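The values are calculated or read from the model by the stated rules, or taken from the named source; none is laboratory data. As the structure is a computational prediction, the values presented were derived from the model and not from experiment. Cβ coordinates were reconstructed from backbone atoms using ideal geometry, including for glycine residues, and neighbour counts include every protein chain displayed. Each accessible area value is taken on the protein alone, full model and side chains, heavy atoms only, with ligands, DNA and RNA left out. Shrake-Rupley method; radii C 1.70, N 1.55, O 1.52, S 1.80 Å.
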Amino acid sequence: LPDVILLDLMMPGMDGYEVCAQLQADPALAEIPILMITAYSDRKSRMRAIAAGVDDFIAKPFDGIELLARLRTNARLNRYRRLVDERLRFRWVLDRSNDGYVIVDMAGNVIHANEPAKMYLSLDYTDVLPTESITSIIARTYRLEPPDAWSNWPDTALEDNRCYLVKPETITAPAFWLNVCEQRIAGKGAAHIVLQLRDVTEAVTARAEM
């Protein structure tokens, strides 16, 4: 899909207004910004174009440098809007998962945690994020297994399905095991790490008993 559509208003057969209407009717294209080139500068024409779905205008005759700047700006805004939408959908899925999910930055500071993760890690914050690192939070309750795999984290990625947080057995409760997997998300901004915390106590206990 294009990042931005450059559209002339005056065209034979189908004018820019009709093209906009057809673009808006297609769900796959409706969110793409439209930059319209027009010789009309009157308010009525611009209002009609805005109603049809135009995001920006450039008047004829136009300057090539200005046109490129407008295209870059609209493309950048569209990518940002898509990124925000993707992050909102991503967090919606995380917040409705039965597994715990924690998003941390590369220094280990918590950016987001869903409800199961708050329960597993005894995080009682609502809107205020904890100031201590995720490793300090984990160390209050859990033993990191295997220790070698965790020794250089977060500088070194965890091995999939081979790393655990273990709450030791007590007189009143059996040992509690969380399997930890991670996904590192890099971008133009700061990189993030998504940690998945899955309760595998029943499976580990069953293997031990076997």
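Of note:
- On a per residue basis, the chain carries 63 Å² of accessible surface, using protein heavy atoms and a 1.4 Å probe.
- Count Lys and Arg as plus one, Asp and Glu as minus one, and take only other residues whose Cβ is under 13 Å from that of residue 177; the net charge is then +1.
- For the stretch 105-170: rounded, prolate or oblate by the Cα gyration tensor [a/c cutoff 1.5]: oblate
- Global form of the stretch 155-201, assessed from the alpha-carbon gyration tensor, a/c cut-off 1.5: prolate
- Magnitude of the charge dipole for the chain, about its Cα centre and with charges confined to Cβ atoms of Lys, Arg (+1) and Asp, Glu (-1), is about 560 debye.
- Dipole magnitude of the stretch 81-203 about its Cα centre (Cβ charges: Lys, Arg +1; Asp, Glu -1), debye to nearest 20: 440
- Our estimate of slack between residue 50 and residue 118, defined as 0.36 nm per intervening residue step minus the Cα-Cα distance, is 19.9 nm.
- Other residues within the sphere of radius under 11 Å centred on the Cβ of residue 159, judged by their own Cβ, net out at -2 (K and R +1, D and E -1).
- Within the shell defined by Cβ-Cβ distances under 12 Å, the residues around residue 100 carry a net charge of -2, with Lys and Arg each +1 and Asp and Glu each -1.
- Separation in nanometres of the label points that stand 7 Å from Cα toward Cβ, at residue 131 and residue 184: 3.0
- Our estimate of slack between residue 139 and residue 65, defined as 0.36 nm per intervening residue step minus the Cα-Cα distance, is 21.0 nm.
- Label point at residue 90 placed 7 Å out along Cα→Cβ; residues across the stretch 99-124 whose backbone nitrogen lies under 18 Å: 99-115, 117
- Across the stretch 12-102, Cα-Cα distances exceeding 20 Å account for 52% of all pairs.
- Placing unit charges on the Cβ atoms of the charged side chains and taking the dipole of the chain about its Cα centre, the candidate lying farthest along the positive direction among 65, 84, 5 is 65.
- Between the stretch 1-75 and the stretch 131-155, the C-alpha centres lie 53 angstrom from each other.
- For the stretch 17-67: rounded, prolate or oblate by the Cα gyration tensor [a/c cutoff 1.5]: oblate
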